[in-house]
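Only the coordinates and a few stated rules stand behind these numbers; no lab work does. All figures in this text were calculated on a predicted structure; none of them were measured in a lab.
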Amino acid sequence: MIKIHAGVTKYLTVIAVTILMGGCGSYDGGSLSGGSNPYSSAPAGSVDITAAILAGADVTLNGDSVINLPAGTTTYNGVISGQGTLTLSAEGGTTAPGTLVITQASTFTLPDSQQVEIVSKTYYPGAGYALTISGSNPPVLTIDPGATLQLGTNTSSDFNPNIIATSDSKNEASLINGEINLNNILNNGQIVLNNYQFVLLGEISGSGSIVEGLGVWGGHSMRGVNPMTGFVSLSTGHDFGSNHVAASMPNSKGVLNEGSWLVWSPPGSTVTVPHNIYE
């Protein structure tokens with residue numbers, strides 16, 4: 001388990017990282033990013049947790065953090081929890097892209113002070129209920145150009161891989177009922193869905209695309225307002241919204257549908273699809 005503690009004054013941020021790994025003792029495995037990766041958009045003072053991720057250690061965030069991926073594919077079987085933001089960058093940018101494959105659910109959330117999204121429930125007699133999202137949380141995860149986040153391996157080693165929060169300081173789990181992911185992502189790289197278990201995405205923004213791997217039958221869903229400008233590429237199936245939560249992609253370049261793109265409209269809503277759909 002890695003715990004990141006941050007103490008902040010007006011002029012100085014002091015961050016210490018302690019890594020505790022079962023049977024391996026402890027060591028100092030974190031450092032300030034200090035802008036060492038010119039391809040990273042991580043905030044100044046972010047803690048570099050790359051070494052911990054490469055070691056497969058669990059991480060607890062307490063502030064801004066960054067992962068600088070080496071070229072090629074890195075598989076991470078650990079869990080990231082706590083509160084903070086995370087930037088996923090490739091050490092070599094787009095000339096030496098890097099992919100992070102996660103196999104478990106990471107549950108870190110924004111700090112309470114940054115949480116603004118409010119979910120409310122409205123009942124419609126004879127038609128069920130709808131969950132409405134007011135406001136939009138800033139991204140808990142930023143994916144830089146050249147970096148790819150892959151959710152799963154599409155094998156039995158996956159354990160619901162995702163970056164997910166279904167409750168926070170402003171929304172009770174009993175209200176959301178697992179139907180909305182409050183962890184939003186700024187994707188300027190790529191998200192690859194490669195999991196035979198269901199994936200519920202938070203709101204997606206940025207210029208990057210979402211790609212569903214071949215032979216991926218677990219299903220996945222986008223909900224809420226997704227201002228992304230990239231493509232959604234589907235090989236099997238995708239739920240756009242649900243019977244309780246509306247979805248929109250007002251700025252997307254389009255959907256490449258080589259499977260089934262299922263558009264849902266909850267009670268009391270009108271779903272508009274302004275972008276092109278290619279089949």
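Summarised as an ellipsoid, the stretch 64-112 has semi-axes of 22, 14, 6 Å, derived from the eigenvalues of the Cα gyration tensor scaled by 5 and square-rooted, with the largest first. Beta bridges per DSSP, both residues in the chain: antiparallel share near 25 percent. Most simply put, the stretch 116-275 has about 20% antiparallel DSSP beta bridges, counting only bridges with both residues inside it. Considering only ASN162, ASN195, ASN251, the mean-square fluctuation computed in a Gaussian network model of the chain, springs between alpha carbons under 10 angstrom, is largest for ASN251.
For the stretch 25-166, the antiparallel share of DSSP beta bridges with both residues in that region comes to about 25%. With all pairs of different C-alpha atoms in the average, the Kirkwood value for the hydrodynamic radius of the stretch 168-279 is 14.2 Å.
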